[in-house]
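> Structure in structure tokens, see below.
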Amino acid sequence: MTNLERRSFIKGAAAVSAITILKPSTVFGTKANSAIQLGIIGCGNRGTSVISSMSKHTNVNIMAMADLFNDKLKAGKEKYDKLNQANGFGKIDPKNIYQGSKAYMELLNNKNVEAVLIASPAYTHPDFVEAAVAAGKHIYCEKPVAIDVQGVKRIEKAGQSINGKLSMVVGFQIRHANAYQEMVKRVQNGAIGDVVTAQLYYLASGLPLNPIENMSKPEAMIRNQFHFRALSGGILLDQGIHMLDVCSWTLQRKPIMAMGAGGRDHNSAFGDAWNNYQIIYKYPNDIKVSFHSTQLGPNFGDVCARFLGTKGSATAHYSGGVFIDGENSWDSGILRHESASEDRDQQAAGVFTSALHDSNENKVKSFIGSIRSGKYLNESTSGATSTYTAILGRMAAERGEQVLWDAMLNSNESIDPNLNLSQFD
């Protein structure tokens, strides 16, 4: 969409914002009357996963959907209709199904949509969030909030503009995992003393390539968005950012600088995104943080954030335990060795093997609950900080030199995917 088109849409959408914002004073009657009317932009795997959790754990009616591709809409509708049916709601009306490059604008112009899940490729997030704010919709936006510095600044500005009138949350569900929350609280209260250093890693398996035969290059790129830096931002922004967000949350600080390395090694697949990064961050109080992010090989490795302090250490795995060792030892009860045979009896007894077992449920309940109560959430600042941190690491690695936080901000980095989307209309 051109800047002119976006400005025209935002101007028009602002006129309906007063209608589409859900007022907390609304008197709810039946379940159908009290349901939040929900739309989804981007009907791929991640969007379907999040909206499924919303449907399962909250009172929402999935009433509208938008995507660039018809096959995504068809597959999504079949799943979303089943979700609605399980909750006593009807199927999505065909007139509320929007396809093509302007589909998101049509959905946001639907005055009956109260909240929107934005699960489209990350390069679209600034445009879509700005338009959703102008249309008065509550927003759940997947991470990262943008792929470049200019995009993050736009998200920050959009977040400032809502001024307590809307909820805007970002898809960092780990912050809602009870085990992580307790560990972070204890670290912030001094359980491991002064934090000296931290070790982060996200070791993922290689990403398969979706079929690209008989496709235009833009279509092949979009259907393989995670292989392209200009669409997803690369693995630091798509995957590694989760551990960077845990670090920002725990330390309650922004890094001062970063230096790093990485590359696109042993990867001949379609695309240009790097598949490994090694980053060193320096935070205030001389805290050093090392981060290793990979997306290669046949096997998924481990995801972990470990903080080492003067009185002990705090460790949080996705699967493998969340605990503190040292003077103030503590254990969340999450199994430390998921695959160990001696743990099978514990698993059978209901002991959780994943620290994230409650994260998605808690996250979506928090978002929908904020709309119903009128106690609106605004995660634009924390979402921006974690995205900036990932961009800082990417920039340092790509340049092969130390990059300061302020230099990253002042770079006004802008990445243009150069896609002509009108061919999909």
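> If R0 is 35 Å, what FRET efficiency do you get for Glu106 and Thr381 from their C-beta distance, rounded to 0.05?
Computed FRET efficiency for Glu106 and Thr381 comes out at 0.70.
> Using a cut-off of 26 Å between alpha-carbon atoms, which lysines can reach Lys282, once sequence neighbours fewer than 8 places away in the same chain are excluded?
Lys143, Lys153, Lys185, Lys254, Lys311
> How tilted is helix 359-373 with respect to the longest principal axis of the chain? Cα atoms for both, answer in degrees (0 to 90, nearest 10).
Between helix and principal axis, roughly 50 degrees.
> Right, another one. Considering the chain as a Gaussian network with a 10 Å cut-off on Cα pairs, which listed residue, Arg253, Arg306, Arg175, attains the greatest mean-square fluctuation?
Checking each option, the largest mean-square fluctuation is seen for Arg253.
> For Cα pairs less than 8 Å apart in space and 6+ apart in sequence, what is the mean separation divided by the residue count of segment 207-341, i.e. the relative contact order in percent?
15 percent
> Once the mean 1/r over all distinct Cα pairs of segment 225-281 is inverted, what Kirkwood radius in angstroms do you read off?
One decimal place: 12.5 Å for the Kirkwood radius.
> Which one, Ala179, Ser386, Ala75, projects farthest toward the positive side of the charge dipole computed for the chain from Cβ point charges (K/R +1, D/E -1)?
Ala75
> So which residue, out of Pro126, Pro211, Pro284, gets the largest mean-square fluctuation from a GNM of the chain using Cα contacts under 10 Å as springs?
With Cα springs under 10 Å in the chain, the top fluctuation among Pro126, Pro211, Pro284 is at Pro211.
> Place a point 7 Å from the Cα of Arg336 along the Cα-to-Cβ direction; which residues of segment 280-302 have their backbone N under 20 Å from it?
302
> For Thr197 and Lys217, calculate 0.36 nm times their separation in residues minus their Cα-Cα distance, and state this gained length in nm to one decimal.
My answer for the length gained is 2.8 nm.
> Another one. Counting only C-alpha contacts under 8 Å and six or more residues apart, can you give the relative contact order of the chain as a whole percent?
Reported relative contact order: 20 percent.
> On C-alpha positions alone, give me the angle between the axis of helix 45-57 and the longest principal axis of the chain, in degrees, nearest 10.
Between the helix axis and the principal axis of the chain, the angle is about 80 degrees.
> Calculate for the chain the 222 nm mean residue ellipticity that helices alone would give, adding -39,500 (n - 2.57) per DSSP H run of length 4 or more and normalising by residue count, nearest 500 deg cm²/dmol.
When only DSSP H runs of four or more count, the value is -11000 deg cm²/dmol.
> In terms of modelled amide H atoms, which long-range or inter-chain residues lie less than 5 Å from the amide H of Ala273?
Under 5 Å from the amide H of Ala273 lie the amide H atoms of Phe228, Arg229, each far enough along the sequence or on another chain.
> Continuing with the same structure: Compute the signed sum of charges (Lys and Arg +1, Asp and Glu -1) over the other residues within less than 11 Å, Cβ to Cβ, of Leu308.
The answer is +1.
> What is the pair-distance distribution P(r) of the chain, computed from all Cα-Cα distances in 10 Å bins starting at 0, with each bin given as a whole percent?
4, 21, 31, 27, 14, 3, 0
> Next question. Consider all pairwise Cα distances in segment 58-177 and report the whole-number % of them above 17 Å.
So the portion of pairs separated by more than 17 Å is 59 percent.
> Using only protein heavy atoms and a 1.4 Å probe, report how much of Ser373 is accessible, in Å² to the nearest 10.
60 Å²
> For the chain, with every protein chain kept in place, what is the accessible area per residue (1.4 Å probe, Å²)?
Value for the chain: 43 Å² per residue.
> From zero outward in steps of 5 Å, how is the percent of C-alpha pairs of segment 137-188 spread across the bins?
4, 17, 20, 18, 16, 16, 8, 0
> If you don't mind, there's one more thing I want to ask. Treating only the Cβ of Lys, Arg, Asp and Glu as charged (+1, +1, -1, -1), what charge dipole size does the chain show about its Cα centre? Round to the nearest 20 debye.
Once rounded to the nearest 20, the dipole reads 1300 debye.
> Expressed as a rounded percentage, what relative contact order does segment 125-276 have, with Cα pairs under 8 Å and six or more residues apart?
After rounding, I find 22 percent.
The values are calculated or read from the model by the stated rules, or taken from the named source; none is laboratory data. All values reported here derive from a predicted model rather than from experimental measurement. When we count neighbours, we look across all protein chains shown, and the Cβ atoms used for this are built from the backbone with ideal geometry, even at glycine. All accessible areas refer to the heavy atoms of the entire protein, side chains included, with ligands and DNA or RNA removed. Shrake-Rupley method; radii C 1.70, N 1.55, O 1.52, S 1.80 Å.
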